Amino acid sequence: MDAIIIEGLKVETVIGCFNWERQIIQPLMLDLTIHNDLSRAAASDKLEDTLNYAQICELSAQTIQKAKPELIEHAAHLVLQCLFETFPTIEKITITIRKPAI
């Protein structure tokens with residue numbers, strides 16, 4: 001199975017359960033491993049035959065920023081839901097979200 005790996009996607013957003021966290025913007029770092037058949041793109045060398053990495057990054061960031069989740073787990077769920085709905089050919093996604101210490 002082929003995979004696209006996006007590491008270190010920085011998303012600035014409101015996240016957290018505590019009142020003080022809801023008042024500030026915090027960084028999250030996302031790593032995504034997206035399993036998809038890439039054979040057509042490998043043969044054609046055409047963007048329309050693959051997943052658009054820029055769109056994946058933009059959708060992931062926008063989804064989290066719009067939701068302003070309390071939990072990292074919920075942020076991950078929302079990103080996965082968005083990507084599976086937007087790109088139906090995706091077979092599997094592994095996501096890691098880190099919230100660096102402030």
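What follows is calculated from the coordinates using simple rules that are stated; it is not laboratory data. Every value quoted in this text rests on a predicted model; they were computed, and no experiment measured them. All Cβ positions, even for glycine, are placed from backbone atoms using ideal geometry, and neighbour counts span all protein chains on display.
Okay, here's what the table says:
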read-out	value
Tally of residues being under 20 Å from residue 4 (Cα atoms), aliphatic (A, V, I, L, M) and touching a strand residue (DSSP E or B) at 6+ places or on another chain (Cβ under 8 Å) across region 52-95	9
Segments classed as helices (runs of 4 or more DSSP H), wholly inside the chain, with at least 1 members that are under 14 Å from the mean Cα position of the chain (by Cα)	53-67, 72-86
Among the residues listed as 54, 3, the single one being free of Cβ contacts under 8 Å to residues at least 12 places away in the same chain and under 20 Å from residue 81 (Cα atoms)	54
Conditions (1) over 14 Å from residue 29 (Cα atoms); (2) touching a helix residue (DSSP H, G or I) at 6+ places or on another chain (Cβ under 7 Å); (3) of a type in the set (A, V, I, L, M, F, W, C); number of the one not met by residue 80	(2)
